[in-house]
Amino acid sequence: MPTRPQAPAIQVQGLEKSYGKLRVLRGVEFGVARGSIFALLGSNGAGKTTVVRILSTLLKADAGTAGVNGFDVATQAADVRESISLTGQFAAVDEILSGRENLVLVARLRHLKGPGKIADDLLERFSLADAGARKVSTYSGGMRRRLDIAMSLIGNPPVIFLDEPTTGLDPQARLEVWQAVRELAGQGTTVLLTTQYLDEAEHLADRIAILHEGRIIVNGTLTELKQLLPPAKVEYVEKQPTLEDVFLALVGADSKDRNVGTNA
Ligand SMILES: Nc1ncnc2c1ncn2[C@@H]1O[C@H](COP(=O)(O)OP(=O)(O)OP(=O)(O)O)[C@@H](O)[C@H]1O
Ligand SMILES: [Mg+2]
């Protein structure tokens, strides 16, 4: 696999993209270090998927440059494609096939040796070994997501893009996906993920960037981002009684204190 280790995993400069009159990206800039997890945050329609599509060579930018694994997305698209995998916002697994068959299929398409062993190893790694022989149509959302991520790892691409990897998953399934992403980064894979869940970025990412109105408005570690706000001030507010306070005052916090407030 072609790799240029001296270059950052991802380097984006002055990226612009419009759809008709809609100026979605207006000069996006960021870099991602090798082996790190970078979270791109933004509201619905901010342009996160647009950035991911440009970086994965599915879409051409109007202006600016982007490099992935040391290759230019516009002029070295084939090298970029060999360097990445993309897990889209909607799972791309084949429902009719079993989990194992999906993995074997992708390994074959990538002309890898020992597709069966590759599939079995990934099933094991993503806790899908027991379900491997079952049709994907019987999988839960979390299982599909994990299979989707497992499929994207076939061939060990140095850079992976995860577009909203945990949208729609229950808390347990999200934790499982997070664990899988952490393991990837631990093995040196660079991960760029988009998310709308702030806690996801908080728990997973080495650096977090916020895409807003076409630009990256902040980019830093969680600690750096937190320092952007002034330290919490102590405020004195009149405390309104809660229903619990009222209840306890009326019936007494315990039996000895039944006549609280009546001076008896
Ligand atoms: N092919 C297209 N044609 C026209 N407009 C598009 C196209 N693709 C995206 N857009 C618009 O560009 C904007 C950015 O879309 P994008 O999918 O990049 O946002 P996003 O940040 O990924 O949003 P979400 O959080 O909903 O996934 C949106 O307003 C969207 O409607
Ligand atoms: Mg999107």
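Remarks
- Members of segment 6-22 that are in a strand (DSSP E or B) and out of contact with any Leu (no Cβ under 7 Å at 6 or more places or on another chain): Gln11, Val12, Gln13, Gly14, Ser18, Tyr19, Leu22
Residues checked against (1) under 17 Å from the mean Cα position of the chain (by Cα); (2) surrounded by 15 or more Cβ atoms within 10 Å (Cβ to Cβ):
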| residue | (1), (2) |
| --- | --- |
| Lys117 | no, no |
| Phe126 | yes, yes |
| Asp130 | no, no |
| Ala133 | no, no |
| Val136 | no, yes |
| Met143 | yes, yes |
| Ile149 | yes, yes |
| Gly155 | no, yes |
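- Conditions (1) within 10 Å of ligand 1 (Cβ to nearest atom); (2) of a type outside the set (A, V, I, L, M, F, W, C); (3) over 14 Å from Leu193 (Cα atoms); number of the one not met by Gly47: (3)
- The selection criterion, being within 16 Å of ligand 1 (Cβ to nearest atom) and at pLDDT 95 or above, does not hold for Glu29.
- The condition of being surrounded by 15 or more Cβ atoms within 10 Å (Cβ to Cβ), more than 15 Å from Thr194 (Cβ to Cβ) and at pLDDT below 95 holds for only one of Gly42, Gly35, that being Gly35.
- Being crowded, with 19+ Cβ neighbours inside 10 Å, of a type in the set (A, V, I, L, M) and within 30 Å of Leu128 (Cα to Cα) holds for only one residue in Leu15, Leu103, Leu97, and it is Leu103.
- Per-region count, segment 157-185, residues basic (Lys, Arg) and buried (at least 20 other Cβ atoms within 10 Å of the Cβ): 1
- Residue count for segment 186-196, restricted to those that are over 22 Å from Leu58 (Cβ atoms) and either crowded, with 18+ Cβ neighbours inside 10 Å or within 13 Å of ligand 2 (Cβ to nearest atom) (or both): 0
- Thr166 out of contact with any strand residue (DSSP E or B) (no Cβ under 6 Å at 6 or more places or on another chain), within 16 Å of ligand 1 (Cβ to nearest atom) and either among the hydroxyl-bearing types (Ser, Thr, Tyr) or at positive phi (or both): yes
- In segment 99-130, the residues that are assigned to a helix (DSSP H, G or I), over 19 Å from Leu184 (Cβ atoms) and among the small types (Gly, Ala, Ser): Gly116
- Candidates Val32, Val51, Val28, filtered to the one that is of a type in the set (Val, Ile, Thr) and within 12 Å of ligand 2 (Cβ to nearest atom): Val51
- Residue match in segment 97-111 (condition: within 16 Å of ligand 2 (Cβ to nearest atom) and in contact with a helix residue (DSSP H, G or I) (Cβ under 9 Å, 6 or more places away or on another chain)): no
Yes/no per residue for (1) out of contact with any Ser or Thr (no Cβ under 8 Å at 6 or more places or on another chain); (2) modelled with pLDDT of 95 or more; (3) among the acidic types (Asp, Glu):
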site: Arg4; (1), (2), (3): yes, no, no
site: Val12; (1), (2), (3): no, yes, no
site: Leu15; (1), (2), (3): no, yes, no
site: Arg23; (1), (2), (3): yes, yes, no
site: Leu55; (1), (2), (3): yes, yes, no
site: Asp62; (1), (2), (3): no, yes, yes
site: Phe71; (1), (2), (3): no, yes, no
site: Ala92; (1), (2), (3): yes, no, no
site: Leu97; (1), (2), (3): yes, no, no
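- Residue match in segment 117-127 (condition: in contact with a Pro (Cβ under 7 Å, 6 or more places away or on another chain), at pLDDT below 90 and on the phi < 0 side of the Ramachandran plot): no
The values are calculated or read from the model by the stated rules, or taken from the named source; none is laboratory data. Please read these numbers as outputs of a predicted model, since none were measured by experiment. Positions of Cβ are generated from backbone atoms using ideal geometry, with glycine treated the same way; all protein chains shown enter the neighbour counts.
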